[in-house]
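Below: the structure, in structure tokens.
The values are calculated or read from the model by the stated rules, or taken from the named source; none is laboratory data. Predicted, not measured: the structure shown is a model, and the values here were computed from it. Methodologically, a virtual Cβ is constructed for each residue, glycine included, from the backbone with ideal geometry; neighbour enumeration extends over all protein chains shown. The protein model used for the area step is the full one, side chains on, heavy atoms only, and it has no ligands, DNA or RNA in it. Shrake-Rupley method; radii C 1.70, N 1.55, O 1.52, S 1.80 Å.
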Amino acid sequence: MEFRPLKNTYNIPGIELLPHRPPFLFVDNLIAADETGALGEYTFTMEKNDFFKGHFPDFPIVPGVVLIETMAQVHGAGLIATKFLGENASFLFAKVEEAKFKRPVRPGDKLTVFSEAVKVKKLGHDKGIGVFAAKGYVGDELAVEGTLTCMLGGTN
């Protein structure tokens, strides 16, 4: 799958960027980011993701809410890496729109997420609202997409 180039390339584990921790960290690696978007990936496994034991145990799939969270975490990792809101940026969900689930994501699947900033409005020097269009792919196949609105904050 080819994605629009972003200005900065990275190879940073999500755990170095995000406040999230296992079992609720869904970014293995931030690949690229700039003020317009982010590219990252996460591989779902039975070992890392305990929810597979109870979410359709005979045909385990990633819950839709986890796919949405994964897309948000990738974009958040990009915001943090680029220091868009200063050194200690944060982001919180405000709204999810037009979420579509195109195919099941299963144990062993790597979800590659590309998100693009649709609208970012700064509300002062370290706060804002961001709207992001995100898509998650397994290989070349679109698995999930949606528009995410987040409250953005920082301390610098």
* Could you check, for the stretch 55-62, whether at least one of its residues is in contact with a Lys or Arg (Cβ under 6 Å, 6 or more places away or on another chain) and either over 16 Å from residue 142 (Cα atoms) or not in a loop (DSSP other than H, G, I, E, B) (or both)? => no
* To do: Please find, among 135, 110, the residue that is modelled with pLDDT of 95 or more and under 20 Å from residue 16 (Cβ atoms).
  => 110
* Pair list, Cβ under 9 Å, 6 or more apart: the stretch 17-32 residue polar (S, T, N, Q), other residue in a loop (DSSP other than H, G, I, E, B) -> 29/13
* Would you mind listing the strands (runs of 3 or more DSSP E) fully within the stretch 70-147 where at least 1 residues are on the phi > 0 side of the Ramachandran plot and surrounded by fewer than 13 Cβ atoms within 10 Å (Cβ to Cβ)? => 90-101
* Asked: Which one is surrounded by the fewest Cβ atoms within 10 Å (Cβ to Cβ), of the residues in the stretch 41-63 that are of a type in the set (Val, Ile, Thr) and closer than 14 Å to residue 104 by Cβ?
  -> 61
* Is it true that residue 2 is under 20 Å from residue 141 (Cα atoms), of a type in the set (Asp, Glu) and open to solvent by 90 Å² or more (accessible area, probe 1.4 Å)? -> yes
